[in-house]
Amino acid sequence: MKIFHSIAEMQKVSQELRQAHKTIGFVPTMGFLHEGHETLIKEAKQQNDVVVLSIFVNPLQFGPNEDFDAYPRDIKRDETIARKLKVDYLFYPATEEMYKSERATLIKVEKRVDVLCGKNRPGHFDGVATVVMKLFQIVMPHNVYFGMKDAQQVAVLEGLITDYHLLINLVRVNTVREHDGLAKSSRNVYLTEEERTEAPSLYRALLLGKDKILKGEEIDNVTQFVAKWINENTQAQLEYLEILSYPTLAKVTDTKKQESLIIAVAAKYSKARLIDNIVF
Ligand code: AMP
């Protein structure tokens, strides 16, 4: 596995790979790798000639009171995992490398951000779209792999790819869970023992909601029921519980319509903000 810290080096190799007609699969991450990331990498390995993994904790997508400084990092451990999975190139730039010159532009996401995390983290998806666009120009991938754990991110990035006519195929990868249903997340390390025992209830709540929708219950009633259930059965502070169409993230008007729905939750424990969703 080759490790690049420099944009120029990564770009040069990507250009050479493209000239040699190799397909490039790209997995962007913020590191502190877990089995969710591993699944993305394995899928990329199966579908491409070479795989590029990036690790970059992007300051632009963190709000002033969010956990940028406290975000878990362990590059040595990540390198070992990446090697084991036979990643070909690890792109691991410093913040100063990624934001070397004073930024003259910012990609502003206009659709699909007035709900869920977009509503609660103003500017977050502008930061995501901007860094992802930069990474796409650096890595020049054919296929990119994103997890449905961050379903709103997938929806936003599909919009970005369409809007800017990017010749990139986005592959949606299903959420990988612990045995008890908790969605794997780098932030799970910040749960106390008690919170960790309780946290799978968030997924259980989503499943209860899905079941009620499939039985034909009104969306508003289901939303209220699930929110109440979370408040009564967990100590987490509920940030949102929403049921929307997917990937448009619009209000659901008619449940009989044949469209995908998302039921999504964000909840705060003492040190970790967790998100989860089901699309069906
Ligand atoms: P992150 O490092 O948290 O920015 O995540 C990098 C990529 O891994 C994103 O596309 C995430 O959606 C994806 N990811 C994170 N957790 C999971 C999970 N539990 N299952 C599947 N994909 C995940």
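The table below lists the values:
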| quantity | calculated |
| --- | --- |
| For the range 138-150, 3J(HN,Hα) per residue [Karplus equation, 6.51 cos²θ - 1.76 cosθ + 1.60, θ = phi - 60°, Hz, x = Gly/Pro] | 7, 8, 6, x, 8, 10, 10, 10, 10, x, 6, 3, 9 |
| The chain, helix-only ellipticity at 222 nm - DSSP H runs n ≥ 4, -39,500 (n - 2.57), divided by all residues, nearest 500 | -12000 deg cm²/dmol |
| Surface accessible to a 1.4 Å probe, per residue, for the residues of the range 2-173, Å² | 49 |
| List I107, I55, ordered by accessible area with a 1.4 Å probe, largest first | I107, I55 |
| Span per principal axis, largest first, for the Cα atoms of the range 13-112 (Å) | 40, 30, 30 |
| Pairs of Cα atoms farther than 26 Å apart, the range 2-173, % | 24 |
| Interchain or long-range residues, amide H under 5 Å from V171's placed H | V144, Y145, F146 |
| Ratio of the Cα radius of gyration of the range 122-267 to 2.2 N^0.38 Å, where N counts its residues | 1.17 |
| Where only C-alpha atoms are counted, convex hull volume of the range 1-63 per residue in Å³ | 104 |
| Folded to 0 to 90 degrees: helix 7-19 orientation relative to the chain principal axis, Cα | 80 |
| Probe 1.4 Å, accessible area per residue of the range 179-259, Å² | 59 |
| Area of E35 that stays accessible when all protein chains are in place (1.4 Å probe, Å², to 10) | 100 |
| Cα pair count fraction exceeding 13 Å, expressed as % - the range 83-142 | 71 |
| Nonlocal amide H pairs with L261, under 5 Å, H built at 1.01 Å | Y246, F280 |
| Accessible area, probe 1.4 Å, largest first, for residues Y240, Y164 | Y164, Y240 |
| Rounded FRET efficiency, nearest 0.05, which uses the C-beta distance separating V171 from Y240 and R0 of 30 Å | 0.65 |
| Tail fraction, Cα-Cα pairs, the range 186-279, threshold 23 Å, whole percent | 25 |
| Calculated over the range 157-223: convex hull of Cα atoms, volume per residue (Å³) | 159 |
| Nonlocal amide H pairs with R177, under 5 Å, H built at 1.01 Å | K184 |
| Solvent-accessible area, 1.4 Å probe, carbon plus sulfur percent, for the range 1-61 | 49 |
| At most 14 other Cβ within 10 Å, DSSP loop - trypsin sites (Lys or Arg not before Pro), the range 103-163 | R103, K108, K111 |
| Extension gain, N221 back to E178 (0.36 nm per residue minus Cα-Cα distance, nm) | 12.6 nm |
| Sulfur and carbon atoms: percent of accessible area, the range 186-279 [1.4 Å] | 47 |
| Taking the range 186-279 and dividing mean pair separation by its residue count, relative contact order in percent (alpha carbons under 8 Å, at least six apart) | 31 |
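The values are calculated or read from the model by the stated rules, or taken from the named source; none is laboratory data. Since the model is a prediction, treat every value here as computed from it, not as a measurement. Cβ: placed from backbone, ideal geometry, glycine included. Neighbour counts: every protein chain shown. Just so you know, the surface numbers come from the protein's heavy atoms only, side chains and all, with ligands and any DNA or RNA stripped out. Shrake-Rupley method; radii C 1.70, N 1.55, O 1.52, S 1.80 Å.
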